[in-house]
1. Condition first: of a type in the set (D, E, K, R) and either surrounded by fewer than 19 Cβ atoms within 10 Å (Cβ to Cβ) or farther than 18 Å from Gly56 by Cα (or both). Now tell me which residues in the stretch 130-158 satisfy that.
2. So which pairs qualify, if the first residue must be in the stretch 24-39 and at positive phi, the second must be in a loop (DSSP other than H, G, I, E, B), the Cβ gap must be under 6 Å, and the two must be at least 6 apart or on different chains?
3. Examine the stretch 99-121 for a residue that is touching a residue at least 60 places away in the same chain (Cβ under 8 Å), more than 26 Å from Arg23 (Cα to Cα) and of a type in the set (Phe, Trp, Tyr), and state whether such a residue exists.
4. Which one is surrounded by the most Cβ atoms within 10 Å (Cβ to Cβ), of the residues in the stretch 98-129 that are of a type in the set (A, V, I, L, M) and either over 16 Å from Ser51 (Cβ atoms) or more than 20 Å from the chain's Cα centre (by Cα) (or both)?
5. Which residues, counting only those in the stretch 89-127, are hydrophobic (A, V, I, L, M, F, W, C) and either in contact with a strand residue (DSSP E or B) (Cβ under 7 Å, 6 or more places away or on another chain) or at pLDDT below 95 (or both)?
6. Tell me which of these Gly125 doesn't satisfy, since it passes every other one: (1) of a type in the set (Gly, Ala, Ser); (2) touching a Phe, Trp or Tyr at 6+ places or on another chain (Cβ under 9 Å); (3) without any contact (Cβ under 8 Å) to a residue 12 or more places away in the chain.
7. Against the conditions (1) in a strand (DSSP E or B); (2) in contact with a Lys or Arg (Cβ under 9 Å, 6 or more places away or on another chain); (3) exposed (fewer than 15 other Cβ atoms within 10 Å of the Cβ), where does Gly40 fall short? Just the number, please.
8. Go through the stretch 56-86 and report how many residues are more than 29 Å from Ala8 (Cβ to Cβ) and either aliphatic (A, V, I, L, M) or out of contact with any strand residue (DSSP E or B) (no Cβ under 7 Å at 6 or more places or on another chain) (or both).
Amino acid sequence: MSDSERIALGRRTLYQHGWQGARPALYLHGPSQQLFAYHGDGALWGRWRISTARHGFGNQDGSGCTPTGCHQLGDFIGDGEPIGMRFIGREPTGEVALTPLDPTADYITTRIIRLKGTETGINEGAGVDSFARYIYIHGTPHEAQLGQPVSHGCIRMKSAHLMTLFAGFAPGDQLYIDAGVA
């Protein structure tokens, strides 16, 4: 699939899942490990390499998978913290981690955008709830691994790109996560 086909697929998928275009929206294309941002008018305004779960896509609690389907952006955490601030339990630790000391650790840095599933029985509700699973879009010092599925379930982004996302979106904006086909 070409880049232009992925961009069109993202726009079409968002509209099919209720996006009205009043606010910007996000589309995650799993096979390419890319996140696309669209203006309210449907024009593309950003595209970033990300990392989803090394265990693939799935909504089951405890699976270590990245959930699929329609989500809303929930809590925005970390405003005012420096790039690289490490978070544990959604609280800043005071440690700035620009490079990973432990290559296997799942560092959550810079900002956190917590996700809320909007499809009951798929990514919202008992046993599948993305919010209850603490699924985030977050910064990572593992930037060399972006573009590969290596996370523990969350969506990892380059910190500088996450700052752009954090500034351009708000709680309630739509994200569609598509496990898709290559």
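The values are calculated or read from the model by the stated rules, or taken from the named source; none is laboratory data. Keep in mind that what you see is a predicted model, and the values were worked out from it rather than measured. A quick note on method: Cβ atoms are made from the backbone with ideal geometry, for glycine too, and the neighbour counts reach across all protein chains shown.
1. Glu143, Lys158 - these are the residues of the stretch 130-158 that are of a type in the set (D, E, K, R) and either surrounded by fewer than 19 Cβ atoms within 10 Å (Cβ to Cβ) or farther than 18 Å from Gly56 by Cα (or both).
2. So the pair list comes out as Gln33/Gly147.
3. The answer is no, given that none of the residues of the stretch 99-121 is touching a residue at least 60 places away in the same chain (Cβ under 8 Å), more than 26 Å from Arg23 (Cα to Cα) and of a type in the set (Phe, Trp, Tyr).
4. Within the stretch 98-129, the match that is surrounded by the most Cβ atoms within 10 Å (Cβ to Cβ) is Val128.
5. Val96, Ala97, Leu98, Leu101, Ala105, Ile108, Ile112, Ile113, Leu115, Ile122
6. That leaves (2) as the condition not met.
7. Gly40 satisfies every listed condition except (1).
8. 9
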